[in-house]
Amino acid sequence: MKRRTLISGNEAFAEAAIRAGCGFYAGYPITPQNELIEYMSRRMIAEGKVFVQAESELASINMIFGASLSGVRCMTSSSSPGISLMQEGISYLAGCELPAVIVNVMRGGPGLGNIAPSQADYFQSTRGGGHGDYRTIVLAPSTVAEIVKLTPLAFELADKYRNVVLLLGDGILGQMMEAVDEDLFDIKTKEYPKPWALRGCEGRAPQSIKSLYLAPGALEEVNLRLEAKYNQIREEEVRYQELIDKNTRVVLVAYGTVARLCRGVIRKLRSENINVGLFRPITLWPFPNQRLSEISKTVKKFLVLEMSTGQMIDDVRIVLDRSAEIEFLGRTGGSIFSEDEIIAKIKKMLKIK
Amino acid sequence: MKSIYKKPISLNGVHTHYCTGCGHGLVHRLIAEVIDELKIRERTIGIAPVGCAVLAYDYWNFDVTEAAHGRPLAVATGIKRVQPDKIVFTYQGDGDLASIGANETIHAANRGENLTVIFINNGVYGMTGGQMAPTTLMGQKTTTTKLGRDHKLHGFPLPLLDMLKVLDGVCYLERRSLFSPAEVIKAKKAISKSFINQIDGLGFSMVEILSPCPTHWKMSSLECLTWIEKEVTKTYPVERVK
Ligand SMILES: Cc1ncc(C[n+]2csc(CCOP(=O)(O)OP(=O)(O)O)c2C)c(N)n1
């Protein structure tokens, strides 16, 4: 029999990162992701890797900058207010093309908000909360097992593209415990050479890592090169999951915890012979534009569900424009949906009493 | 013929962008000389600040990165913790180290990170046009203290180096200046010691250097040196603090 292990989402991020070769972690406590930093403090040191409890998220992200430019796989984690503090650092990582993995276990905002689950950092994650022309890859797992699958992928994509990769969870996903096949943790990741890393100039000419370009036109050239990289990511790294067939009448568009809730709703409605489908972006950036557009050729009703007042829906609107009916259902400020309210909304869309 | 003066290998043969009489170029050279003498060039990683010295990577002939404003010591912590065999140093202005980055400074020092910090105290924010720095002297005029620094409005000059003395993680603190050739030699000795401490694994070492800024002090190069000797050293005595 396969060995299974009972583990929380927060600890799964941590363990999967260690298995993926994370050599440096720095973090600052914040609910609802404290289990992650606590787990790292034990396991990183036991593994002979580096753990630093930083004095702030400003320090965490800049420690990550230092570890990353050394050529070491590195990660930090936080929840919404802490991720806000990291934005300048993320922009510098982007400007210097340094790989890094950042976990955001989202909580309610704005401000101190609350410590309940939320998806209100979608704009911040996909639009880039920091300054300048840059993009971060955003992966949104919806189960603990998927955390274990996507975390190593995050490290691989970060190295492959020399880019920041955000792993976006929420308070439910972080705190929830699930049984996960142990061999899922044994994923091998591809390693990429890092000739750009600063390790001292022995045997080569001195190098620098920087994001300042003062000469006229120089920064534009860099930004256009970055944009070409982002275009390659848009082409090659789109990921999604769908549960749609030719009889589907409404497609629910949701990610993370909300997508998981939708699966229960879909099961219930299908037992009533109401065929509702699911489109779940796994990469929030790059957003799966093309596939969503294809789906809209056959299905004309979409319901976007988010734990926010509506952020991902902007991406859905950009794709679908006026080619389909788009409705929205959101809960905000840390509140979550009941299956019944989702079902009522779908029935209303289908004019079913 | 015996050569008694030449360009250190650790310094690139290029013109710097620094103003006439500025201290940055001189301290760059002292650091380069020390790195040559200690034969650590090939395993040194420097961190340039946001400030007048941001382009230091063009002037030093070893690996250099650039940190966000105030964050060199967090970046240095990341580098040194994963590459403990390398020699890692930060080069920071007083705005960078003592204002926006004061928290990073205190905590890197308190953790006893095995790092070298070269702290350039020129009493102003040079790069942004000569505004008040945390180190600006009482009564000193800057572009944001037109009538002179007034403690009721601006607080007092921050003695960050001295504040670090009480921290157990700190190994070595010294304040030097550049106002005479003898002082320059002492400054170099202190810089050298701060690197040797790191080589020996002794922990956090910081050298503060009182440095002239003729452009923003609106003085000649020579007047700057006299000002440092007569005025700046009253608030910031040149001495070994720890
Ligand atoms: C977050 C942020 N705030 C402000 C600035 C603007 N800025 C650039 S350098 C600087 C002050 C530099 O002064 P100091 O550290 O004393 O170095 P100096 O230029 O005098 O050598 C400031 C405020 C910035 N680049 N980033």
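Numbers at a glance
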item: Residues located in segment B:144-162, provided they are in contact (Cβ under 8 Å) with a residue 40 or more places away in the chain and farther than 22 Å from B:Thr226 by Cβ; result: B:Leu158, B:Pro159, B:Leu160, B:Leu161, B:Asp162
item: Check on B:Asn197, touching a residue at least 12 places away in the same chain (Cβ under 8 Å) and under 14 Å from the mean Cα position of the chain (by Cα); result: no
item: Leading residue by the ranking (most open to solvent (accessible area, probe 1.4 Å)) among those in segment A:45-63 that are within 14 Å of another protein chain (Cβ to nearest Cβ) and among the aliphatic types (A, V, I, L, M); result: A:Ile45
item: Output for segment A:44-73, where each listed residue is part of a loop (DSSP other than H, G, I, E, B) and not hydrophobic (A, V, I, L, M, F, W, C); result: A:Glu47, A:Gly48, A:Lys49, A:Glu55, A:Ser56, A:Ser70, A:Gly71, A:Arg73
item: Odd one out for A:Leu212, checked against (1) within 14 Å of another protein chain (Cβ to nearest Cβ); (2) on the phi > 0 side of the Ramachandran plot; result: (2)
item: Sole exception among (1) more than 8 Å from the ligand (Cβ to nearest atom); (2) under 24 Å from B:Leu167 (Cβ atoms) for B:Gly129, by number; result: (2)
item: Which numbered condition B:Tyr5 misses (of (1) surrounded by fewer than 23 Cβ atoms within 10 Å (Cβ to Cβ); (2) away from chain A (no Cβ under 11 Å); (3) under 16 Å from the mean Cα position of the chain (by Cα)); result: (3)
item: Test set (1) out of contact with any His (no Cβ under 7 Å at 6 or more places or on another chain); (2) over 19 Å from A:Glu191 (Cβ atoms); (3) surrounded by fewer than 24 Cβ atoms within 10 Å (Cβ to Cβ) - A:Ala20 fails condition number; result: (2)
item: Residue match in segment A:163-170 (condition: at pLDDT 95 or above and surrounded by fewer than 19 Cβ atoms within 10 Å (Cβ to Cβ)); result: no
item: Tabulated pairs, segment A:296-307, first touching a residue at least 60 places away in the same chain (Cβ under 8 Å), second among the basic types (Lys, Arg) and open to solvent by 10 Å² or more (accessible area, probe 1.4 Å), C-beta under 9 angstrom, 6+ apart or interchain; result: A:Glu306/A:Arg331; A:Met307/A:Arg331
item: Considering residues of segment B:84-112 that are open to solvent by 10 Å² or more (accessible area, probe 1.4 Å) and away from the ligand (no atom under 16 Å from the Cβ) only, the residue nearest to the other protein chains (Cβ to nearest Cβ); result: B:His107
item: Contacts under 6 angstrom Cβ, first residue in segment B:93-104 being under 11 Å from B:Leu158 (Cβ atoms), partner outside any strand (DSSP E or B) and more than 7 Å from the ligand (Cβ to nearest atom), 6 or more apart; result: B:Asp94/B:Thr135; B:Leu97/B:Thr105; B:Ala98/B:Pro134; B:Ala98/B:Leu158; B:Ala98/B:Leu160; B:Ser99/B:Pro134
item: Close pairs from segment A:226-243: first free of Cβ contacts under 8 Å to residues at least 40 places away in the same chain and farther than 11 Å from A:Tyr161 by Cα, partner open to solvent by 70 Å² or more (accessible area, probe 1.4 Å) and outside any helix (DSSP H, G or I), Cβ under 8 Å, at least 6 apart; result: none
item: Odd one out for B:Lys39, checked against (1) free of Cβ contacts under 8 Å to residues at least 40 places away in the same chain; (2) more than 13 Å from the ligand (Cβ to nearest atom); (3) touching an Asp or Glu at 6+ places or on another chain (Cβ under 8 Å); result: (3)
item: Those residues of segment B:110-153 which are more than 15 Å from the chain's Cα centre (by Cα) and either closer than 17 Å to B:Val88 by Cα or not in a loop (DSSP other than H, G, I, E, B) (or both), in sequence order; result: B:Asn110, B:Arg111, B:Gly112, B:Glu113, B:Asn114, B:Gln131, B:Met132, B:Thr142, B:Thr145, B:His151, B:Lys152, B:Leu153
item: Candidate set: segment B:114-138, residues that are open to solvent by 10 Å² or more (accessible area, probe 1.4 Å) and within 14 Å of another protein chain (Cβ to nearest Cβ); chosen: the one farthest from B:Met219 (Cα to Cα); result: B:Asn114
item: Test for B:Gly23: is it among the small types (Gly, Ala, Ser) and away from chain A (no Cβ under 12 Å); result: yes
item: Candidates A:Gly21, A:Gly109, A:Gly82, A:Gly132, filtered to the one that is outside any helix (DSSP H, G or I) and away from chain B (no Cβ under 14 Å); result: A:Gly109
item: Sole residue being in contact with a helix residue (DSSP H, G or I) (Cβ under 7 Å, 6 or more places away or on another chain), away from chain B (no Cβ under 14 Å) and open to solvent by 10 Å² or more (accessible area, probe 1.4 Å), chosen from A:Arg3, A:Arg42; result: A:Arg3
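The values are calculated or read from the model by the stated rules, or taken from the named source; none is laboratory data. Quick caveat: nothing in here was measured; it's all calculated off a predicted structure. Note that we place each Cβ from the backbone using ideal geometry, even for glycine, and neighbour counts take in every protein chain shown. Ligands, DNA and RNA are stripped out before the accessible areas are found, and what is left, the full protein with its side chains, is counted by its heavy atoms. Shrake-Rupley method; radii C 1.70, N 1.55, O 1.52, S 1.80 Å.
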